[in-house]
């Protein structure tokens, strides 16, 4: 068996170790461990084979690292841009069947508000999916969770996205509220009991 586990001991990564070698180390449930394929270190109790080897139980811990406003804004801009590109492509294709400059301008402008509806529906399903994030959020490495850091239901995700109207009115203050909230929650996060978190770093 090839060594593949790196363990943080006294604040420093050590190893790699094989799985059998780990049993001889003084590993606690909260010891940070990493293996190939993992984006970052995880606590030992969060890795299934280590729970089986060392007899740990899985401990649910609340998130500690919350996505700042700039990351959330960037993710939203990316999502809206991608949807707008798809919208423009669809309109250009429709021009094959629409004649006249005025008619084409109307064909472009009239459905334009649908972009926000598409984003609402897409966001609700994507944030309740296994990845817990839209494409924009995935690109900046953040995701939506409940207050305990677990995946949200489609119902809660829909409430969160519908509640964004609270963050927009008045004057987008509900978004800026994230600067005053210790968990960087906007008003729609507070309304739906959700968090936007980023991966834990050592």
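Structure notes:
- Given the choices (i) 53, 34, 26; (ii) 45, 38, 34; (iii) 77, 38, 27, Cα extents along the principal axes in Å derived from the coordinates of this structure is entry (iii).
- Rounded to the nearest 10 degrees, the angle from helix 69-94 to the longest Cα principal axis of the chain is 40 degrees.
- Between residue 131 and residue 49, full extension at 0.36 nm per residue minus the direct alpha carbon distance yields a gain of 27.3 nm.
- Given R0 = 22 Å, the distance between the Cβ atoms of residue 193 and residue 68 translates into a calculated FRET efficiency of 0.65.
- Degrees, to the nearest 10: 114-127 long Cα axis against longest axis of the chain: 20 degrees
- Peptides ranked, highest mean first, by Cβ atoms within 10 Å: ranges 23-34, 140-151: 140-151, 23-34
- With contacts taken as Cα pairs under 8 Å and at least 6 residues apart, the chain reaches a relative contact order of 19 percent.
- Unit Cα scatterers, Debye sum, segment 136-202: log10 I(q)/I(0) for q = 0.16, 0.23, 0.27 Å⁻¹: -0.53, -1.04, -1.26
- Theoretical gain in end-to-end length, residue 39 to residue 141 [0.36 nm per residue, Cα-Cα removed]: 35.7 nm
- For segment 5-54, the square roots a ≥ b ≥ c of the C-alpha gyration tensor eigenvalues yield an a/c under 1.5, which makes the shape rounded.
Every number in this text was worked out from the coordinates using simple rules, so none of it is lab data. Being a predicted model, the structure only gives us computed values, none of them experimental. Reconstructed Cβ throughout: ideal geometry from the backbone, glycine too, with neighbour counts over all protein chains shown.
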